[in-house]
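> One structure, pasted below without further comment.
Every read-out reported here was derived from the displayed coordinates using simple, explicitly stated rules and does not represent laboratory data. In this text the structure is predicted, and so the values were computed from the model without any measurement. Neighbour counts are summed over all protein chains in view; Cβ atoms, including those assigned to glycine, are modelled from backbone coordinates with ideal geometry.
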Amino acid sequence: MKRLVIPGLVIVAMAALALWGSFQQSGSEAARPIICTDPVAGCTFIHNGLPAKLRFSPQPEVLRPFLLTLTVPKLRKASVSFQMSGMNMGFNRYDLKPETDNRWTARITLPVCTVSRVDWIAELDLDGQLYSLMFTTR
């Protein structure tokens, strides 16, 4: 009987993790797309009726830190996570920290994709409103 306890706990933990992962991904369906050709130059979009701007510096590369800067008036809380279409890249959520003049930042390090893909989706959560931005790495 004792021999079944540990494998049973492992199975329960794995099932719980799978459920949690599917719950996390279900939120991206409601995300509003941010259309932007060059996040290094900056992307503008509307959040709560006010202009917002997102910018990467420098061009993102896997395993190399880059700075994500977000300028949004009247923001209380912001986070971002990174995925690939059809591929879960694990838990990699970053909370943006408030700075000055409605500016928020986070230092991001993207994980390695084992199949060498370069297409990413940044999923922003701004005060509970979801946005998605497609971009590529070098």
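> Which chymotrypsin sites (Phe, Trp or Tyr not before Pro) does region 59-120 hold that lie in a coil by DSSP with at most 11 other beta carbons within 10 Å? Spell out each step's value before the answer.
On the way: sites: F66, F82, F91, Y94, W104, W120; in loops: F91.
Listed in order of number, the matching sites are F91.
> Follow-up question, since we're still on this one. By how many nm would the segment from L63 to N48 lengthen if fully extended, with 0.36 nm per residue of separation less the alpha-carbon distance? Kindly include the intermediate steps, with their values, before the conclusion.
Details: separation 15, 0.36 × 15 = 5.40 nm, distance 3.32 nm.
Fully extending the segment from L63 to N48 adds 2.1 nm.
> What is the set of long-range amide H partners of I34 at a cut-off below 5 Å, with H atoms built 1.01 Å from backbone N?
Residues meeting the amide H criterion: S132, L133, M134.
> Taking only C-alpha pairs under 8 Å that are 6+ residues apart, what is the relative contact order of region 44-117 in percent?
Values: 120 pairs, mean separation 22.9, N = 74.
The normalised contact order for region 44-117 reaches 31 percent.
> Still on this structure, I have one more. Report Rg(Cα)/(2.2 N^0.38 Å) for region 31-136, keeping two decimals.
Details: Rg = 13.0 Å, N = 106, 2.2 N^0.38 = 12.9 Å.
Normalised Cα radius of gyration, region 31-136: 1.01.
> Could you pull out every residue, at least 5 positions away or on a different chain, whose amide H is within less than 5 Å of the one on L96? Hs are placed 1.01 Å off N in the peptide plane, and Pro or chain starts have none.
It is A78, S79, V80, by chain and number.
> Taking amide hydrogens as modeled 1.01 Å from N in the peptide plane, which residues meet the under 5 Å criterion relative to R64, leaving out close sequence neighbours?
HN-HN under 5 Å from R64: L110.
> Work out, step by step, the length gained on full extension between V112 and T37: first 0.36 nm times the residue separation, then minus their alpha carbon distance; give nm to one decimal.
On the way: separation 75, 0.36 × 75 = 27.00 nm, distance 2.27 nm.
Length gained between V112 and T37: 24.7 nm.
> HN-Hα J couplings of region 65-70 from phi, Karplus 6.51/-1.76/1.60, θ = phi - 60°, integer Hz, Gly and Pro as x?
x, 9, 9, 9, 10, 10
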